[in-house]
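Read the structure below first, then the notes.
None of the figures in this text is laboratory data; all of them are computed from the coordinates on show. All of these numbers come straight from a predicted model, not from anything done at the bench. In this analysis, Cβ positions are derived from the backbone assuming ideal geometry, glycine residues included, and neighbour counts consider all displayed protein chains.
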Amino acid sequence: MSTPVLVYDGDCAFCSSCVDFALRRVAPGIAAVPFQDGGVTDEQRARAENEVLVLHPDGRRVWGGVDAVAVLLLASPHSAWWPLGALLRTGPVRPVAMAAYRWVAANRHRMPGGTAACRIRPPE
């Protein structure tokens, strides 16, 4: 793997739309794969059912949720995204961004383009 990989829920229309936007506007050089296609560990799959992941090319680092979004923004070739990526990682903004990410993830089936298939299932 030579580029970061964005891992997402390919069954979720909302997630797929967000990834399409990210690939077109934010980080066109990044690879994106649905966790359903395999190629991720069981632990990564379990995480990707609830949050987007960015896997570093070295294979040793994995970011999830708002951290993955920040890394994606900071990795963009478009410098206009860098301040937002840095802001998401700062002390005062980080807890708010994390809460907002969790709320959106929990309600993704209600987001524009979301369907019942987008709902996160509670752990068994």
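Structure above, values below:
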quantity	calculated
Residue with peak Gaussian network fluctuation, the chain [Cα springs, cutoff 10 Å], from ASP20, ASP11, ASP58	ASP58
Considering only region 5-114, percent of DSSP beta bridges that pair antiparallel, nearest 5	60 percent
For the chain, size of Cβ-based charge dipole, Lys and Arg +1, Asp and Glu -1, in debye	400 debye
Relative contact order (percent, whole number), region 5-114, Cα cutoff 8 Å, 6+ residue spacing	28 percent
Under-5 Å amide H pairs with ALA32, H placed in peptide plane, nonlocal only	LEU6
Region 37-124: trypsin sites (Lys or Arg not before Pro) falling in loop per DSSP and having at most 12 other Cβ within 10 Å	ARG60, ARG61
Efficiency of FRET from Cβ geometry, LEU23 and THR115, R₀ 30 Å, rounded to 0.05	0.90
